[in-house]
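Here the structure comes first, spelled out in structure tokens, and everything after it is commentary.
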């Protein structure tokens with residue numbers, strides 16, 4: 001560990017001190033590292049809160065629970081119901097705000113019932129300057145962003161996670177299933193389930209990243225361009241299995257995997 005990284009991690013630990021803390025935990029790279037340090041600093045006073053809704057794949061939930069059990073973390077699974085919100089379902093470009101507003105509202109209610117006054121989430125240095133509607137919801141609910149305050153980037157968090165042997169250190173970046181829908185296409189539990197099942201077709205095939213982008217009756221598959229030969233070797237099987245989920249067409253995006261490409265990024 002470099003002196004700079006050591007200083008940042010020490011600063012993070014100092015930010016987390018001060019009594020009970022609820023961590024919004026997705027099971028991803030950033031929030032898992034935050035959870036690990038919170039548990040080291042606060043012990044049982046740190047509670048990891050997983051928001052459970054149709055936008056969270058069942059495999060992701062199971063892996064998060066397994067990690068919490070393996071590490072001895074206190075963990076709470078909190079059902080959220082963003083699909084009951086018309087603004088979330090409309091998906092007009094600020095969907096993440098309504099999702100995070102629902103999460104932080106319910107998380108706050110739960111935390112107060114347990115005497116927990118501090119809530120944190122896994123925003124990082126890289127998020128500053130990006131379009132992050134969820135950050136607005138976090139600010140409105142006074143949610144702490146200790147990784148960001150400590151100046152930690154995604155690359156640094158991966159290094160520090162590997163030093164703690166966290167299985168998330170090399171985990172591909174992941175966003176909620178609703179991010180596979182283009183802006184303007186309404187969100188529904190049925191669509192999220194269809195996307196989840198399509199990505200489960202892709203998951204075990206050895207790709208470093210994969211997405212099943214949902215365009216009505218078309219599933220647009222994204223993987224890194226360098227991995228196209230791997231896909232083409234099993235293209236008939238992939239096509240058959242995804243069509244069996246209710247899609248009429250399966251396409252391969254020749255531009256390769258790109259974060260945020262569903263909206264032209």
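Taken together, the values in this text are just the output of simple stated rules run on the coordinates, not laboratory data. Fair warning: this is a prediction, and the values are worked out from it, not measured in the lab. As a convention, Cβ positions derive from the backbone with ideal geometry for all residues, glycine included, and neighbour counts pool all protein chains shown.
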* Asked: Between rounded, prolate and oblate, where does the chain land on the alpha carbon gyration tensor, with a ≥ b ≥ c its root eigenvalues, rounded for a/c under 1.5, else prolate if a/b exceeds b/c?
  -> prolate
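In the chain, what % of DSSP beta bridges are antiparallel (nearest 5)?
20 percent
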* Structure fact -> To the nearest 10 degrees, the tilt of helix 29-42 (Cα long axis) against the first principal axis of the alpha carbons of the chain is 20 degrees
* Structure fact -> Gyration tensor on Cα atoms of segment 141-220, a ≥ b ≥ c root eigenvalues, a/c under 1.5 rounded, else prolate if a/b beats b/c, else oblate, says oblate
* Structure fact -> In deg cm²/dmol, rounded to the nearest 500, the helical mean residue ellipticity at 222 nm of the chain, built from -39500 (n - 2.57) for every DSSP H run of length 4 or more, is -13000 deg cm²/dmol
* **the chain: angle of helix 95-113 to the longest principal axis, Cα-based, in degrees nearest 10** => 40 degrees
* **Rounded to 10°, Cα long-axis angle of helix 154-163 versus longest principal axis of the chain** => 70 degrees
* DSSP bridge orientation in segment 188-258 - percent antiparallel, rounded to nearest 5 -> 55 percent
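Given a Förster radius of 45 Å and the C-beta distance between residue 234 and residue 66 as r, what FRET efficiency does 1/(1 + (r/R0)^6) yield to the nearest 0.05?
Between residue 234 and residue 66 the formula returns 0.95.
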* Assuming a ≥ b ≥ c are the square roots of the Cα gyration tensor eigenvalues, decide whether segment 71-187 counts as rounded (a/c under 1.5), prolate (otherwise, with a/b larger than b/c) or oblate. => oblate
